[in-house]
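What follows is a single structure, written as structure tokens, with notes after it.
A short reminder: the numbers here are calculations on the coordinates, not readings from a lab. All figures in this text were calculated on a predicted structure; none of them were measured in a lab. Here the Cβ is made from the backbone with ideal geometry for all residues, glycine too, and neighbour counts use every protein chain on show.
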Amino acid sequence: MILSRTVRALLGAAADTSRPFAVWRRPNASGAESIVGCSAIGRRQIFGDGNDGPFFALNRFVTADANLADAIEGDVLVRGGEITFRAGATYAAGPDTDAQAALHSAAQSRDPDAPIHADDSGVRPVQTDRAAYEKLVKRAVEAIGAGAFRKVVTSRCEARPLPEGQDLIALFEALAAKLPTAYVCLVRIPGEGAWLVGTPETLVSVRDGRLATIALAGTQWAQEAVALADICWPDKIIEEQALVSAYIRRALEAAGFRDHEETGPRTVAAANLVHLRSDFAADVKGEDGARLGDLLTRLHPTSAVLGLPKAPALDFLTAHEGYDRSYYTGFLGPVGFDGATDLFVNLRTAQIIGGTAYLYVGGGIVAQSKPDVEWQETVEKTKTVGTVIDGPADGPAQLSRAG
Ligand SMILES: C=C(O[C@H]1C=CC=C(C(=O)O)[C@@H]1O)C(=O)O
């Protein structure tokens with residue numbers, strides 16, 4: 001998937017004029033879609049009254065209200081390669097406002113081949129080295145042993161330099177080519193760098209009157225060629241994933257979606273990794289949004305990114321994790337875009353500030369977890385986005401080994 005020169009020029013003009021944009025390729029889709037905001041990032045309610053998208057939502061790991069997100073307004077949309085501009089309640093082929101006209105004219109005079117960079121400003125996250133991460137995991141296992149919680153998801157950040165003059169869109173295209181089944185997106189936020197994401201995890205999707213969510217947990221990585229169906233999971237991981245499924249089931253029921261369907265767990269591939277995944281679906285035809293908003297606030301952050309029970313797990317992370325996750329393990333995605341809302345957990349992700357990519361990675365810790373294995377799991381997880389940061393794209397990622 002290669003963005004057209006016209007779309008490249010539009011996104012480049014947005015970057016040059018400090019306007020936020022998001023460009024994404026949905027799982028198994030061939031083309032990309034985009035939203036460009038003509039104003040700075042604002043705040044929007046995702047589900048509920050007054051939600052008249054489209055906009056692109058971004059929420060942080062720690063948030064007072066998951067249903068109230070940072071938002072890139074849908075002032076300009078790109079669908080099927082076609083650019084349209086918001087004109088009141090509809091979209092037109094040409095600009096309708098002065099801000100849209102200014103963006104359009106900046107796009108027309110921009111060299112489409114000129115690279116698009118991330119701003120060099122933004123708060124750079126603190127990195128955690130191997131010794132400190134293993135100490136964190138050991139501490140988490142001790143807290144579980146002392147009965148503080150059953151599971152906690154610890155994480156860390158690692159910086160990698162980008163090649164000189166690296167183009168953000170080239171990184172996005174390379175990642176999309178590598179990860180055909182992931183949700184791949186690039187969000188450029190003036191003053192805060194950009195996020196490059198290749199996530200396997202849907203948080204909530206609502207389209208055609210159906211709601212879908214998943215419980216994703218447990219990680220193994222490649223050792224030798226094994227068919228997905230033949231991959232065995234230790235009891236520790238089966239229990240860890242079952243905890244996440246139980247948590248999602250409870251959230252669905254508490255929000256009033258009692259007649260939901262559940263399938264799985266089954267093994268799924270995500271780049272060089274495999275996970276256990278259960279799928280949940282419910283009929284939401286005629287919903288006014290209140291129950292969906294309630295569900296979102298119950299789901300986020302799920303026990304796949306925080307732990308269980310949530311409150312003591314968060315207290316532990318606040319006290320010991322030692323850095324700000326920012327949008328990592330938050331969620332993002334288009335809202336009210338062609339009548340659908342698709343939110344994904346911000347995993348397998350890098351924040352790019354200037355010429356540096358900050359990779360965020362983590363893993364679920366339970367009573368039997370071993371610090372060195374948990375460290376290795378985070379190293380394996382850096383490879384999902386790291387594959388395009390460290391080298392050129394060479395076709396879709398293959399699961400060659402499992403263990
Ligand atoms: C927290 C991450 O992964 C989560 C999602 C799938 C599997 C996970 C695990 O095996 O621990 C994590 O819960 C991450 O990739 O940074």
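Some values worked out for this structure:
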| item | result |
| --- | --- |
| Between helix 98-108 and the chain: long-axis angle, C-alpha atoms, 0 to 90°, nearest 10 | 90 degrees |
| Residue-span extension gain [V62 to A87] - 0.36 nm each, minus C-alpha spacing | 5.5 nm |
| Hypothetical label at E262: residues of the range 200-218 whose amide nitrogen lies under 16 Å (7 Å Cα-Cβ projection) | 212-217 |
| Relative contact order [Cα under 8 Å, 6+ residues apart], the chain, whole percent | 25 percent |
| Charged-residue dipole, Cβ positions (Lys, Arg, Asp, Glu), the range 9-121 about Cα centre, Debye nearest 20 | 280 debye |
| Alpha-carbon centroids, the range 236-275 and the range 333-352: separation in whole Å | 20 Å |
| Helix 371-390 vs. the chain, principal-axis angle (Cα, 0 to 90°, nearest 10) | 20 degrees |
| Two-site label geometry, A159 and D208: point separation in nm, points 7 Å out along Cα→Cβ | 4.7 nm |
| 0 to 90° range, to nearest 10: angle between helix 130-145 axis and the chain longest Cα axis | 60 degrees |
| Charge dipole (the range 166-230, unit charges on Cβ, about Cα centre) - positive-most of Y183, L203, I169 | L203 |
| Förster radius 35 Å - calculated FRET efficiency between A290 and S18 (Cβ-Cβ, nearest 0.05) | 0.45 |
| Leading residue at positive end of dipole, the range 23-152 (Cβ point charges), from L68, A89, G42 | L68 |
| Binned Cα-Cα distance frequencies in the chain - 20 Å width, integer % | 28, 59, 13, 0 |
| FRET efficiency, 1/(1 + (r/R0)^6) with R0 51 Å, evaluated for K310 and A101 via beta carbons | 0.60 |
| The range 18-71 and the range 313-330: distance between their alpha carbon centers, rounded to Å | 23 Å |
| Stretchable slack from D111 to N28, in nm (0.36 nm times residue separation minus alpha-carbon distance) | 26.8 nm |
| Dipole magnitude of the chain about its Cα centre (Cβ charges: Lys, Arg +1; Asp, Glu -1), debye to nearest 20 | 620 debye |
